[in-house]
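The values are calculated or read from the model by the stated rules, or taken from the named source; none is laboratory data. Not measured: the values here are computed from a predicted model. Here Cβ is always computed from backbone atoms with ideal geometry, including for glycine, and neighbour counts include all displayed protein chains.
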Amino acid sequence: MAMGVMKNDSRSNEASRKDSSRDSPSCPVTDALRSSRYTGLTRVQCEFRAGQATLQGEVSSFYLKQLAQEIAKKVQGVKVVENRLTVSLAKP
């Protein structure tokens with residue numbers, strides 16, 4: 001029975017680490033996006049694990065989507081960027 005508790009604890013710890021890595025101020029990709037001069041990137045969420053950065057959220061143009069990906073690729077330690085950003089174009 002103690003083993004079951006240990007398994008649950010390890011899952012709980014893993015989930016906590018995952019949640020804390022998402023959009024955390026210490027995430028190097030999040031820091032790079034927020035320090036860029038493009039204010040449209042400040043709300044991009046990032047999860048960074050084992051060299052993979054996953055970008056999520058909404059931006060206002062395809063340019064910003066691509067720019068976020070390029071900034072993320074230049075961050076030290078990033079090997080792969082998964083760009084899940086969606087573009088919400090203003091309707092005329």
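Observations on the structure shown:
- Subset of the range 62-92 that is at pLDDT below 95 and of a type in the set (Gly, Ala, Ser) - its residue that is surrounded by the fewest Cβ atoms within 10 Å (Cβ to Cβ): Ala90
- Selection of first residues in the range 54-74 that are farther than 11 Å from Tyr38 by Cα and of second residues that are among the acidic types (Asp, Glu) and in a strand (DSSP E or B), restricted to Cβ pairs under 8 Å at least 6 apart or on distinct chains, gives the following pairs, ordered by first then second residue: Thr54/Glu47; Thr54/Glu82; Leu55/Glu82; Gln56/Glu47.
- Residues of the range 24-41 satisfying the condition of being loosely packed, with under 12 Cβ neighbours inside 10 Å and not in a helix (DSSP H, G or I): Pro25, Ser26, Arg37
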